[in-house]
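Below you'll find the structure, written out as structure tokens, and then a few comments.
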Amino acid sequence: MVKKYKYEFYYRLDKEGFANSIENREVKENKYIHMDFERNLPMTDREYDIASKKLIDSVANNYSVDKEYITAIDKKEYMRYTKMS
């Protein structure tokens, strides 16, 4: 059996970033996003950094938010804010 390596990424989209987005002008709170994937091989630090940057680009495109309003956060912060809502 092949070992799988799971990688999780957590991001906060600041509500100010939605101001220029037509469909999301009235966003009142920050949005929190969790993304994960699995691979058969462990990632190097360089691969992890590249994956993180590509995921930020993907989130920016999907939510029509500038990258400057997207912040990588840890799981603890993600859990704290998503359990409150």
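Per residue of the chain, the DSSP helices (runs of n ≥ 4 H) give a summed -39500 (n - 2.57) that works out to -11000 deg cm²/dmol at 222 nm. How far, in degrees from 0 to 90, does helix 75-84 lean away from the longest principal axis of the Cα atoms of the chain, to the nearest 10? Helix 75-84 and the main axis of the chain meet at about 40 degrees. The listed residues S64, S52, once ranked by accessible area (1.4 Å probe) with the largest placed first, stand as S64, S52.
Note on the chain: with neighbouring protein chains present and a 1.4 Å probe, carbon and sulfur make up 47 percent of its accessible heavy-atom surface. If the label point is 7 Å along Cα→Cβ of F37, which residues in the range 52-72 have backbone nitrogen under 14 Å from it? Flagged as within label range: 52-59. Debye calculation, C-alpha points only, no solvent: report log10 I(q)/I(0) for the chain at q = 0.11, 0.13, 0.16, 0.22 Å⁻¹, in the same order as the q values. Taking Cα atoms of the chain as identical point scatterers yields -0.35, -0.48, -0.68, -1.07. For the chain, the per residue solvent-accessible surface stands at 76 Å², with DNA, RNA and ligands left out and a 1.4 Å probe. At a Cα cut-off below 30 Å, give the lysines reachable from K83, other chains included and same-chain residues fewer than 8 away excluded. Those lysines meeting the cut-off are K4, K6, K15, K28, K31, K53, K54, K67, K75.
The values are calculated or read from the model by the stated rules, or taken from the named source; none is laboratory data. Values in this document were obtained by computation on a predicted structure and should not be read as measured data. Counting neighbours? That spans all protein chains shown, and the Cβs are built from the backbone with ideal geometry, glycine included. What goes into the accessible areas is simple: the full protein's heavy atoms, side chains included, and nothing from ligands, DNA or RNA. Shrake-Rupley method; radii C 1.70, N 1.55, O 1.52, S 1.80 Å.
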